[in-house]
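Below is one structure, written out as structure tokens; comments come after it.
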Amino acid sequence: RVYSKETCCIVPQAINSVITKSPKKSTNLPVGVRQRSDGGGYYAQLKINSSNKKSHLGSFDDLNDAFSAYKEAKEDLIAELAEVYKADLAVETYNTLKNYKIEITD
């Protein structure tokens, strides 16, 4: 993390709450993926706003499928927020948000 005029920008709280990464959790599962309580697979969920409300994205037998659902939903949400706040964002910030990629190692 490098904080400087060249590496930081001001974004609306709605965007900041979506792109802020949570502290590393105690499981080895990818971000957005949880083990089903019955041990029968995984489910994907996405925090959709600053109130910590989570959206259930589905249940999956395969870990990678669960992560893919999370990745697609999160990238779509970030791109949608970039559109909503386009007039308030610097061009570079807007472009970065539109091209934001979630990695399995996040």
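Every residue in region 40-94 that is within 11 Å of the chain's Cα centre (by Cα) and β-branched (Val, Ile, Thr), please.
The answer is ILE48, ILE78.
What is the residue count in region 20-52 for residues that are surrounded by 10 or more Cβ atoms within 10 Å (Cβ to Cβ) and modelled with pLDDT of 85 or more?
Final tally of qualifying residues: 14.
Within region 79-93, track down each residue that is surrounded by fewer than 17 Cβ atoms within 10 Å (Cβ to Cβ), among the small types (Gly, Ala, Ser) and in contact with a helix residue (DSSP H, G or I) (Cβ under 7 Å, 6 or more places away or on another chain).
ALA79
Out of (1) without any contact (Cβ under 8 Å) to a residue 60 or more places away in the chain; (2) surrounded by 12 or more Cβ atoms within 10 Å (Cβ to Cβ), what's the single condition that is false for GLU6?
So the condition that GLU6 fails would be (2).
Could you list, in sequence order, the residues of region 79-100 that are of a type in the set (Gly, Ala, Ser) and free of Cβ contacts under 8 Å to residues at least 12 places away in the same chain? Outline the logic, then answer.
At the first step, the residues of region 79-100 found to be of a type in the set (Gly, Ala, Ser) are 79, 82, 87, 90.
Scanning region 79-100 gives a single hit, ALA87.
If we scan region 94-102, do we find a residue that is crowded, with 19+ Cβ neighbours inside 10 Å and assigned to a helix (DSSP H, G or I)?
Yes - at least one qualifying residue is present in region 94-102.
Which residue out of ASP65, ASP38 is touching a Gly at 6+ places or on another chain (Cβ under 9 Å) and either acidic (Asp, Glu) or assigned to a loop (DSSP other than H, G, I, E, B) (or both)?
The unique qualifying residue is ASP65.
Condition check: loosely packed, with under 12 Cβ neighbours inside 10 Å and in contact with a Phe, Trp or Tyr (Cβ under 9 Å, 6 or more places away or on another chain). Does ASP76 satisfy that?
Taking the combined requirement at face value, the residue does not satisfy it.
Conditions: (1) in contact (Cβ under 8 Å) with a residue 60 or more places away in the chain; (2) open to solvent by less than 100 Å² (accessible area, probe 1.4 Å). PHE67 meets all but one. Number of the miss?
For PHE67, the failing item is (1).
The values are calculated or read from the model by the stated rules, or taken from the named source; none is laboratory data. Since we're looking at a predicted model, the values are computed, not measured. Because the Cβ atoms are built from the backbone with ideal geometry, glycine has one as well, and the counts that use them run over all protein chains shown. When the accessible area is computed, the model is the full protein with side chains, heavy atoms only, and any ligands, DNA or RNA have been set aside. Shrake-Rupley method; radii C 1.70, N 1.55, O 1.52, S 1.80 Å.
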